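**Q** The following block contains the structure, expressed as structure tokens.
The values are calculated or read from the model by the stated rules, or taken from the named source; none is laboratory data. Just so you know, these numbers come straight off a predicted model, no measurement behind them. Quick reminder, even Gly has a Cβ in these numbers, built from the backbone with ideal geometry, and neighbours come from all protein chains shown.
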Amino acid sequence: MFIRLVYVVAFLAIATQGADHNIILDCKRVSFCNTFRSKTPNENTTYKANLESLDIHGGVAKINLTNQDEDTLILQISALEGDKFRVTIEELDSRRYRLKDVLLEEPGVVKIKYSKVAYGELVLAESEVSKNRVVVQGNPFSIQFWKDDSIQLIIDGTKLIMEKNDQDEPFTLSMKFPNAQQIYGIHEHADALALRNTINSTSDPYRLRNLDVSGYELNSPMSLYGAIPLLYGHGSNGTSGIFLHNAAQQWYDLNENEVYIMVQSAMLDLFVLLGPKPKDVLKQYASLTGVSHMPQQWVLGYHQSRWNYDNQTDVEEVIANMDKNNFPMDVIWLDIEYTNGRRYFTWNPENFSNPVGMQKNISSTNRKLITIIDPHIKVDDDYKVYTGARDAKLFVKNSDGSDFQGVCWPGMSSYIDFLNPTARAYYAQWYSYENFIGSTEVLGGIWNDMNEPSVFDDALEKTLPMDALHIGNVKHRDIHNIYGLLHTMSTHLGLLTRDNATKRPFILTRSHFAGTQRYAAIWTGDNDATWGQLKVSYAQCLNANIMGIPFCGSDIGGFTNQPTEQLLQRWYQSAAWTPFYREHSTEFSARREPYVYPENVQNVIRNAMQLRYKHIPLWYTLFYEHTRYAEPVLRPLFYEYPEDEKVFKIDDQLFVGKDVMVRAVHEENATSVNLYLPGDDRTIWYSISNNKSYEGGHLRNIPVDINAIPVFYRGGSIIFRKDIPRRNTVEMKDDCYTAYVNLDVNGKAQGTIYLDDLTSFRYKNLKDYNYARANFEELDSKFTLRPIDDSKGKYNITLCDIVVYKPKSNEVIEGLFSQEIYTKNKQGKSLKDIKIKLWETIELEL
């Protein structure tokens with residue numbers, strides 16, 4: 001009881017006061033950052049490229065870099081498939097850690113065959129007429145990356161520093177994006193999507209070091225739970241990017257289109273992504289780190305959570321009350337108190353004495369259960385998870401070789417060394433039904449939290465010490481930012497094995513890195529019940545999506561403190577348009593299930609939730625298109641309109657796919673909001689909130705009330721929905737679809753629809769799916785569905801009706817749009833009676 005009281009007091013202090021800057025370090029208190037930020041290399045330490053040392057072997061160009069101090073570095077440049085380059089720099093006797101487990105595989109090399117030295121510079125390319133080439137200047141040393149006739153990126157070699165000392169192996173890297181008007185990326189920060197200038201300001205650089213930060217600050221470059229070292233340099237004339245393949249602590253100083261990077265240790269391994277559009281950069285990055293697999297469809301529904309539901313009766317009552325009050329829900333969550341003394345893979349024998357019975361009750365309502373499982377393992381000689389890992393030497397070590405022990409939720413804990421494949425396999429086996437006794441298939445997913453990893457030690461910034469050791473004597477400093485990724489790899493393996501690879505695992509993780517998308521979804525962590533946190537949730541999830549992680553959301557209402565009724569309603573409305581849709585709160589806040597509020601508040605929340613469920617077919621199709629094309633599910637406006645400078649800093653609006661645009665209402669007591677409708681005077685936006693159509697290319701002031709936030713369908717799109725209210729996605733399975741046809745100025749529209757078995761990997765392994773394109777032309781009232789590929793699925797749909805939106809007149813600006821509803825084909829047959837085989841072409845004359 002005393003230990004728990006200490007943790008509670010500590011948590012409350014953090015949550016109330018915000019991030020503690022006595023614990024979380026700034027650049028001035030991190031030696032290499034403080035030194036490098038003000039250090040100017042002198043003529044003795046500045047490197048020059050010895051162009052005559054060029055050696056091309058296996059398609060990789062090697063060049064010596066030297067300085068007057070007689071230090072020598074080896075520069076390697078390779079051209080990669082898909083408009084990418086790779087650059088590494090290291091010492092002659094380098095023992096720097098080379099990152100593993102992040103890339104899908106070693107990328108294919110396009111051999112450099114052409115080289116030319118003239119006028120103090122070296123040109124490298126696949127051929128003399130290659131559109132992609134690298135120009136290395138000898139003195140002053142720089143590397144230019146060209147696409148066609150434009151320089152996309154310049155690495156300023158005069159600011160290159162590589163050092164070694166007793167603590168670190170730090171290095172710096174400086175670069176410029178010549179075409180960029182705005183820099184984006186380096187997830188995760190609670191800040192605007194468009195990154196701010198930090199050089200020559202009072203601001204710290206942006207930091208990447210995964211930390212347990214409760215009550216985190218807004219508009220801050222401080223570290224949060226994730227680290228993705230990917231940057232976009234974007235301008236109206238083109239986009240390029242870089243991905244630093246390194247998991248050590250990093251700091252990024254920005255100034256307009258210039259970036260200065262300071263890294264604590266490990267390898268300088270840089271991928272250059274030549275674009276030329278944002279979607280090209282993202283696809284180039286995804287070719288390195290992968291995409292998410294399809295989620296099971298129930299994951300896209302609403303999730304109800306709390307730290308903590310008291311007991312199994314509480315769980316069953318929550319579900320019953322959600323049904324009684326007509327709130328849809330697919331999942332209920334359990335936080336740490338369901339365990340026996342925070343021993344993961346166990347159940348509390350008093351409050352959850354019959355977990356199988358509880359899960360049967362949950363299953364009878366067509367819901368799923370998700371439980372939390374963290375990486376810290378209680379030090380307890382009677383706890384088999386601990387003793388098995390201890391005896392097999394699978395824990396992270398102190399520098400003297402003993403098992404590291406630190407305090408976290410269970411008390412004294414040790415931490416699985418997930419860098420060790422044997423340790424990952426050991427941890428994975430505990431997810432089996434035989435080992436996690438009391439778990440059933442109703443336990444549909446796992447929540448991996450506290451995996452930065454979190455250690456309750458303020459002197460260590462609440463994480464493992466830098467000199468802790470992993471397998472192979474790898475120092476923790478070198479792999480800190482991938483610890484959470486490795487944790488989810490192990491959990492993913494465990495869930496796959498548990499279900500014989502018949503079901504797609506769902507994992508929610510707090511800590512993440514490049515490649516996390518292959519294993520898990522993320523959320524924005526311990527946010528607070530404020531309007532500012534609601535606003536930044538869009539920026540955070542938009543940034544995650546262009547960093548390759550599509551499955552993102554925030555805790556509805558804020559995890560800490562108590563939202564006002566107005567804030568809670570707005571959050572339910574806004575979060576309905578992010579992939580992960582969960583209400584979650586601390587045990588120190590009042591109960592927040594939607595049925596505890598007055599009827600008028602319930603109505604607003606219910607409508608927001610039902611609107612989410614109506615669009616489940618859209619969400620499911622978009623996740624498939626992510627797996628197929630590496631497109632993000634959520635998209636910032638600049639992603640779809642990269643040449644429109646007016647959208648570069650907008651991050652309280654988002655696209656769901658390319659055809660739905662949403663504007664969060666994050667202003668208290670708002671009666672109208674300003675928003676920008678992109679496009680031109682031939683672009684039509686249909687507001688489903690106020691039944692008006694608008695012309696694109698204008699900033700507008702749109703009236704709002706508490707009942708809805710602005711949501712628009714793009715003219716030229718077809719959106720498939722399921723409009724019959726149900727309690728969950730299972731009960732929606734066989735419902736008919738409604739096709740919303742949103743005509744463009746030419747009276748045409750198209751969209752896509754995807755279907756599979758909703759749970760397995762058959763779509764991937766056996767092509768057991770159907771993916772079709774719908775077209776509609778007003779001229780002949782003909783609705784057509786055609787398969788897009790030769791998939792093997794045999795999935796049918798029926799249409800409730802087809803709803804056609806079109807402007808009432810040629811004056812689109814703030815004009816009401818008309819709505820035509822087709823329920824029958826030309827022969828008078830009800831659309832509900834026509835089975836549409838998605839693997840065949842069908843034409844409906846309406």
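**Q** Which condition does A739 not pass, out of (1) in a strand (DSSP E or B); (2) on the phi > 0 side of the Ramachandran plot, if it passes all the others?
**A** (2)
**Q** Please state which of the following conditions F623 fails to meet, knowing it meets all the rest: (1) assigned to a helix (DSSP H, G or I); (2) assigned by TED's automatic domain parsing to the domain that holds Y713; (3) not hydroxyl-bearing (S, T, Y).
**A** (2)
**Q** Across the stretch 305-354, which residue is farthest from S589 (Cα to Cα) among those that are of a type in the set (S, T, Y) and buried (at least 20 other Cβ atoms within 10 Å of the Cβ)?
**A** Top of the filtered list is T346.
**Q** I need every pair where a residue in the stretch 355-373 that is in the same structural domain as Y415 (by TED's automatic domain parsing) has its Cβ under 8 Å from the Cβ of a residue that is in a loop (DSSP other than H, G, I, E, B) and at pLDDT below 95, sequence separation at least 6 or different chains.
**A** That search, which allows pairs on different chains as well, returns nothing.
**Q** Could I ask something else about it? Which of (1) within 25 Å of W430 (Cα to Cα); (2) surrounded by 21 or more Cβ atoms within 10 Å (Cβ to Cβ); (3) aromatic (F, W, Y) does Y302 not meet, given it meets every other one?
**A** Every listed condition holds for Y302 apart from (1).
**Q** Return the residues of the stretch 703-746 that are closer than 21 Å to L846 by Cα, within 27 Å of the chain's Cα centre (by Cα) and aliphatic (A, V, I, L, M); say none if nothing qualifies.
**A** I718, I719, listed by residue number.
**Q** Would the stretch 186-204 turn up any residue that is farther than 30 Å from S115 by Cβ, basic (K, R) and not in a strand (DSSP E or B)? So that I can check it myself, show each step before the final result.
**A** We begin by selecting, within the stretch 186-204, every residue farther than 30 Å from S115 by Cβ; these are 186-204.
Narrowing further to those that are basic (K, R): 196.
Remaining after also requiring not in a strand (DSSP E or B): 196.
Yes: the stretch 186-204 contains one or more residues that are farther than 30 Å from S115 by Cβ, basic (K, R) and not in a strand (DSSP E or B).
**Q** Taking the conditions exactly as written (in contact with a Ser or Thr (Cβ under 6 Å, 6 or more places away or on another chain) and either among the basic types (K, R) or within 18 Å of N435 (Cα to Cα) (or both)), does T371 satisfy them or not? Break it down into steps so the answer makes sense when it comes.
**A** Working: in contact with a Ser or Thr (Cβ under 6 Å, 6 or more places away or on another chain): no; either among the basic types (K, R) or within 18 Å of N435 (Cα to Cα) (or both): yes.
It is false that T371 is in contact with a Ser or Thr (Cβ under 6 Å, 6 or more places away or on another chain) and either among the basic types (K, R) or within 18 Å of N435 (Cα to Cα) (or both).
A quick yes/no check of all residues on (1) touching a His at 6+ places or on another chain (Cβ under 7 Å); (2) farther than 24 Å from L160 by Cα; (3) without any contact (Cβ under 8 Å) to a residue 60 or more places away in the chain:
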| position | (1), (2), (3) |
| --- | --- |
| I74 | no, no, yes |
| L80 | no, no, no |
| D93 | no, no, yes |
| V109 | no, yes, yes |
| G120 | no, no, no |
| V123 | no, no, yes |
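**Q** Are there any pairs, at least 6 apart or on different chains, whose C-beta atoms fall under 6 Å, with the first in the stretch 206-224 and under 14 Å from D449 (Cβ atoms) and the second modelled with pLDDT of 95 or more and not in a loop (DSSP other than H, G, I, E, B), and if so, which?
**A** Matching pairs, first to second residue: N210/A227; N210/N481.
**Q** Got at least one residue in the stretch 456-467 being surrounded by 21 or more Cβ atoms within 10 Å (Cβ to Cβ) and small (G, A, S)?
**A** So far as the stretch 456-467 goes, no, none of its residues is surrounded by 21 or more Cβ atoms within 10 Å (Cβ to Cβ) and small (G, A, S).
**Q** Now, a different point. Of the conditions (1) under 17 Å from the mean Cα position of the chain (by Cα); (2) under 30 Å from P642 (Cα atoms); (3) surrounded by fewer than 23 Cβ atoms within 10 Å (Cβ to Cβ), R582 fails just one. Which one is it?
**A** For R582, the exception is condition (2).
**Q** Here is a follow-up. Out of all the residues in the stretch 378-411, which are farther than 20 Å from T491 by Cβ and part of a loop (DSSP other than H, G, I, E, B)?
**A** V379, D380, D381, D382, K393, N398, S399, D400, G401, S402, F404, Q405
**Q** Starting from the stretch 530-554, keep only residues that are outside the structural domain of L193 (by TED's automatic domain parsing) and in a strand (DSSP E or B), then list their pairs with residues that are modelled with pLDDT under 95 and buried (at least 24 other Cβ atoms within 10 Å of the Cβ) whose Cβ atoms are within a distance under 6 Å, requiring at least 6 positions of separation or different chains.
**A** none
**Q** Anything in the stretch 446-476 that is farther than 21 Å from A389 by Cα and touching an Asp or Glu at 6+ places or on another chain (Cβ under 7 Å)? List them, or say none.
**A** Answer for the stretch 446-476, where residues must be farther than 21 Å from A389 by Cα and touching an Asp or Glu at 6+ places or on another chain (Cβ under 7 Å): just K462.
**Q** Restricting the stretch 85-122 to residues that are assigned to a strand (DSSP E or B) and of a type in the set (K, R), which is nearest to A49 (Cα to Cα)?
**A** K116
**Q** Right, here's the next one. Exactly one of these conditions fails for F345: (1) outside any helix (DSSP H, G or I); (2) aromatic (F, W, Y); (3) at negative phi. Give me its number.
**A** F345 satisfies every listed condition except (3).
**Q** What do you reckon, is D381 more than 30 Å from S454 (Cα to Cα) and not small (G, A, S)? Quick ask: steps written out before the conclusion?
**A** Values: more than 30 Å from S454 (Cα to Cα): no; not small (G, A, S): yes.
No: the conditions fail for D381.
**Q** Does the stretch 582-589 contain at least one residue that is within 21 Å of L211 (Cα to Cα) and in contact with a helix residue (DSSP H, G or I) (Cβ under 9 Å, 6 or more places away or on another chain)?
**A** yes
**Q** So, one more: Would you check which residues across the stretch 719-777 are surrounded by 16 or more Cβ atoms within 10 Å (Cβ to Cβ), closer than 13 Å to S791 by Cβ and not β-branched (V, I, T) and list them?
**A** Within the stretch 719-777, Y754, L755, D756, Y763, D768, Y769, N770, Y771, A772 qualify.
**Q** List the strands (runs of 3 or more DSSP E) inside the stretch 742-801, counting only whole elements, that have at least 3 residues being touching a Gly at 6+ places or on another chain (Cβ under 9 Å) and within 22 Å of Y822 (Cα to Cα). Explain how you work it out, then say what you get.
**A** On the way: elements: 748-755, 770-777, 782-787.
Fully inside the stretch 742-801 and qualifying: 748-755, 770-777.
**Q** Is it true that E169 is of a type outside the set (A, V, I, L, M) and either more than 17 Å from I77 (Cβ to Cβ) or not assigned by TED's automatic domain parsing to the domain that holds Q249 (or both)?
**A** Working: of a type outside the set (A, V, I, L, M): yes; either more than 17 Å from I77 (Cβ to Cβ) or not assigned by TED's automatic domain parsing to the domain that holds Q249 (or both): yes.
Yes: the conditions hold for E169.
**Q** A further question on this structure: Could you run through the stretch 557-602 and say how many residues are over 25 Å from D449 (Cβ atoms) and among the small types (G, A, S)?
**A** Qualifying residue count for the region: 0.
**Q** Give the residues of the stretch 189-238 that are of a type in the set (K, R) and either over 26 Å from T35 (Cα atoms) or surrounded by 24 or more Cβ atoms within 10 Å (Cβ to Cβ) (or both), sorted by residue number.
**A** Correct list: R207 only.
**Q** So if I check each of F783, F817, which one is touching a Lys or Arg at 6+ places or on another chain (Cβ under 8 Å), more than 19 Å from I616 (Cβ to Cβ) and buried (at least 17 other Cβ atoms within 10 Å of the Cβ)?
**A** Numbers: F783 fails: touching a Lys or Arg at 6+ places or on another chain (Cβ under 8 Å).
From the options F783, F817, the qualifying one is F817.
**Q** Still on this structure, please answer the following. Out of the stretch 412-445, which residues are part of a strand (DSSP E or B) and surrounded by fewer than 18 Cβ atoms within 10 Å (Cβ to Cβ)?
**A** M412
**Q** Take Y216 and tell me if it is of a type in the set (F, W, Y) and not in a strand (DSSP E or B).
**A** Against the criterion (of a type in the set (F, W, Y) and not in a strand (DSSP E or B)), Y216 qualifies.
**Q** What is the number of the single condition among (1) closer than 21 Å to L211 by Cα; (2) at pLDDT below 95 that F32 does not meet?
**A** (2)
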